[in-house]
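Let me begin by presenting the structure, written as structure tokens, before commenting on it.
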Amino acid sequence: MIDRQIIRRMTTLIPQLGRKRFGFRHEKPPDPRAFLERYHSNLAAITAERQPEVDALSRKLARQDAAIEALRARHAPMSRPARDDSERTHRTDDCRSPAECRPVKRHGAAA
């Protein structure tokens, strides 16, 4: 998300980074290396400005990943209770297509 914001901001700056003069018919053409140097220096400045935010989000994601793993570890050994209802014993994990996952309708059964 932050990368997209940086790219968007750099895209708006590109016209400002271009040549300072209008036209170069009688002069030498603008140096593309100078444009790239200005572009890279501005990109580095914007990235450095947003680096604390990137670091904070990285730490938050690491905490969330650790919490998810702890939750999975806590609930993994538990087995699922057996069900008495024969229609509901079909597990959606075994479905190969959406049609296979639909509950079976029986004739004469109350809806």
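The values are calculated or read from the model by the stated rules, or taken from the named source; none is laboratory data. These numbers come from a predicted model, not from an experiment. For neighbour counting, all protein chains shown are included, and Cβ atoms are generated from backbone atoms with ideal geometry for every residue, glycine included.
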Pair list, Cβ under 7 Å, 6 or more apart: segment 39-63 residue farther than 15 Å from GLN5 by Cβ, other residue of a type outside the set (S, T, N, Q): TYR39/LEU17
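A quick yes/no check of all residues on (1) at pLDDT below 90; (2) more than 30 Å from MET10 (Cα to Cα); (3) loosely packed, with under 10 Cβ neighbours inside 10 Å:
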position: ALA44; (1), (2), (3): no, no, no
position: LEU71; (1), (2), (3): no, yes, no
position: PRO77; (1), (2), (3): yes, yes, yes
position: PRO81; (1), (2), (3): yes, yes, yes
position: THR92; (1), (2), (3): yes, yes, yes
position: CYS101; (1), (2), (3): yes, yes, no
